[in-house]
Structures are given as structure tokens and as C-alpha cells.
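The values are calculated or read from the model by the stated rules, or taken from the named source; none is laboratory data. All of these numbers come straight from a predicted model, not from anything done at the bench. Here Cβ is always computed from backbone atoms with ideal geometry, including for glycine, and neighbour counts include all displayed protein chains.
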């Protein structure tokens, strides 16, 4: 079960995180989680090139080590990357020392000022430490492409109906999301572009980078 739009109370509890970019311009901020993947990430990059769209890829450290060529391609084609922990850890289920250590390990492979917690789950204590080094990026629209109980048509509807000026939209460049992603992404890009939207890069809201430590 997931909500396409994040609950108001969750945003109220974490107002310091980036949920949406405030703008009057017709700009969408695309994001892709859990890669890189040798086939799916490459397909996504091909689609983005067709529509002259930019995006941020929140990468799992172990996948970057497994597929360094694909990670290099993301950067070479002008996209951003972000830290998504080294092993896709759930912050709610991890003690802070272990979680922060995992973020640090990922940072050795993913040089970035952006972070997104897997599953969107992050404790307040973890958030406070991570925000010393990163802009923590959440989302305004969750496509639901990862949910195999969600049809491809519903996934497309989720994104089209809920996207607005400054929306941060989440897709996944992963095997689990492949069917819904392959149907939704090109149709979404085309429809939003015809509606006058462009797909731009995020700007960091973080202070100057400082070392992240897993110690208390």
C-alpha cells in the first residue's frame, strides 16, 4: 500500500526535507531510485535523451560498484546522482550508527550532495546528521511503478493527475518496476512536454559539505 502524494502530517513532521520545489514555472523534477541497472537504467537514459529531459538518479552503492560503466554514463549525459545508502537500508529498522555508516560507504561510490532514504523511511536523529552533508530529497508524486499490483495504466494516471509545478516525481530503474516503467515513462514525458512542462535538475539546499560521521 502506498500513497501517490505524501501525507500532510508526514511533511509537517519533516518540514526540513525537500518534498517539492516552490516555483511558478512549469518544471518537473524527475528522479529514479535503486539503480543503476545495466539494462533498465540504459533504457531510461535513452528515453530522457529523446525528450531532452534531465533527472536525478538515487543510486545504491553496491549497484554502482557492480555496474560502474552505467553510473559513468548517467553523469556523462548530464544527469545528477544521489546517495541511496549502500545496501538499500530501511532507516526505521536500522540503528543510527549502522545506517549512517551505510550512507558513508555509499558516499565512496556516489559523490553527491543529495540523499534519498530508501522507502522514504528516516528517523529524526538520522535526518539531523545526514542533513549536515546532504539535501534530503523526498517527493511530491510517487508513481507506484514498483508495485506489481498496480497496473501500468494506473501508474501513468498516478503521475499525470498529480504532477504540478515543482513536483519531484519518483520512478524506479529496477527490475521490479520494469513493466510499469516501460509503459509509463515515455507516455508521461510526451504528455507533460505537450502540456508545456520541462524536466530540470534539482539544486542543492545543503550548507557547504562537511564530513559525515556514524558516531554519536
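When residue 121 is tested against (1) in contact (Cβ under 8 Å) with a residue 60 or more places away in the chain; (2) surrounded by fewer than 15 Cβ atoms within 10 Å (Cβ to Cβ), just one condition goes unmet, and that condition is (1). All of (1) in contact with a strand residue (DSSP E or B) (Cβ under 7 Å, 6 or more places away or on another chain); (2) buried (at least 19 other Cβ atoms within 10 Å of the Cβ) hold for residue 86 with one exception: (1). Answer yes or no: is there a residue in region 178-190 that is in contact with a strand residue (DSSP E or B) (Cβ under 7 Å, 6 or more places away or on another chain) and modelled with pLDDT of 95 or more. Checked against the condition, which is being in contact with a strand residue (DSSP E or B) (Cβ under 7 Å, 6 or more places away or on another chain) and modelled with pLDDT of 95 or more, region 178-190 yields at least one hit. Taking residues in region 1-27 that are modelled with pLDDT of 95 or more, and partners anywhere that are part of a loop (DSSP other than H, G, I, E, B) and exposed (fewer than 13 other Cβ atoms within 10 Å of the Cβ), the pairs with Cβ atoms closer than 8 Å and at least 6 places apart or on different chains are 26/195; 26/196.
You will find that of 101, 112, 127, the residue that is modelled with pLDDT of 95 or more, assigned to a helix (DSSP H, G or I) and within 19 Å of residue 63 (Cα to Cα) is 101 and no other. Summed over region 21-59, residues that are out of contact with any helix residue (DSSP H, G or I) (no Cβ under 8 Å at 6 or more places or on another chain), part of a strand (DSSP E or B) and over 23 Å from residue 111 (Cα atoms) total 1.
Does residue 48 qualify as being modelled with pLDDT of 95 or more, more than 24 Å from residue 125 (Cβ to Cβ), exposed (fewer than 15 other Cβ atoms within 10 Å of the Cβ) and in contact with a strand residue (DSSP E or B) (Cβ under 7 Å, 6 or more places away or on another chain)? When the stated conditions are applied, residue 48 does not pass them. Of all residues in region 60-69, at least one satisfies being surrounded by 22 or more Cβ atoms within 10 Å (Cβ to Cβ), touching a strand residue (DSSP E or B) at 6+ places or on another chain (Cβ under 9 Å) and outside any helix (DSSP H, G or I).
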